[in-house]
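For reference, the structure is listed below as structure tokens.
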Amino acid sequence: MDNTRLEELFESLGPIGIRKLFGGKGIYCDGVIVAVVVRGELMLKADEESIPDFEAAGCTRWTYTGSRHGKAVAMPYWSVPDSAFDDPDEMAVWARRAYEAGRRAGK
């Protein structure tokens, strides 16, 4: 996913910053991380307050297998509903949820 497309998707939040992170990209707004792009997939920040919304929309959580212990590690990032990619109003709602989760995390 190129930076121009990411800027379009998060346009409702205002200007975003994009930096290398986790071998992919980190997307920031006002210094708050709101999303990552990992293995070409956009994943939005979530927390205990917003996870139920992601689950209800059928989104999946980013997990990976830890190299030292071989156990699944769950990250605080979730997939974006497919319909949000084609609907700016819907994407604005999901982007705002991710921003608020990032603010609550203090990062």
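Structure above, values below:
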item	result
Candidates Ser67, Ser83, Ser79, filtered to the one that is in contact with a helix residue (DSSP H, G or I) (Cβ under 7 Å, 6 or more places away or on another chain), farther than 19 Å from Gly17 by Cβ and of a type in the set (S, T, N, Q)	Ser83
Segment 53-66, subset assigned to a loop (DSSP other than H, G, I, E, B) and either of a type in the set (Val, Ile, Thr) or in contact (Cβ under 8 Å) with a residue 24 or more places away in the chain (or both), residue farthest from Ala84 (Cα to Cα)	Thr60
Answer residue from segment 62-107, given it is of a type in the set (D, E, K, R) and in contact with a Ser or Thr (Cβ under 8 Å, 6 or more places away or on another chain) and is least open to solvent (accessible area, probe 1.4 Å) among those	Glu90
Pairs where the first residue, in segment 77-100, is closer than 15 Å to Leu42 by Cα and the second is open to solvent by less than 60 Å² (accessible area, probe 1.4 Å) and hydroxyl-bearing (Ser, Thr, Tyr), C-beta under 9 Å, 6+ apart	Trp78/Ser50; Arg97/Ser50; Ala98/Ser50; Ala98/Tyr77
Single condition Leu21 does not satisfy, out of (1) closer than 21 Å to Gly66 by Cα; (2) among the hydrophobic types (A, V, I, L, M, F, W, C); (3) in contact with a Gly (Cβ under 6 Å, 6 or more places away or on another chain)	(3)
Residue match in segment 40-52 (condition: surrounded by fewer than 18 Cβ atoms within 10 Å (Cβ to Cβ) and assigned to a helix (DSSP H, G or I))	yes
Count of segment 18-32 residues which are assigned to a strand (DSSP E or B) and either open to solvent by 60 Å² or more (accessible area, probe 1.4 Å) or closer than 16 Å to Asn3 by Cβ (or both)	10
Output for segment 11-32, where each listed residue is under 16 Å from Met75 (Cβ atoms) and modelled with pLDDT under 95	Leu21, Phe22, Gly23, Gly24
Where Glu8 falls short, out of the listed (1) open to solvent by 60 Å² or more (accessible area, probe 1.4 Å); (2) modelled with pLDDT under 95	(2)
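The values are calculated or read from the model by the stated rules, or taken from the named source; none is laboratory data. Keep in mind that what you see is a predicted model, and the values were worked out from it rather than measured. Positions of Cβ are generated from backbone atoms using ideal geometry, with glycine treated the same way; all protein chains shown enter the neighbour counts. Ligands, DNA and RNA are stripped out before the accessible areas are found, and what is left, the full protein with its side chains, is counted by its heavy atoms. Shrake-Rupley method; radii C 1.70, N 1.55, O 1.52, S 1.80 Å.
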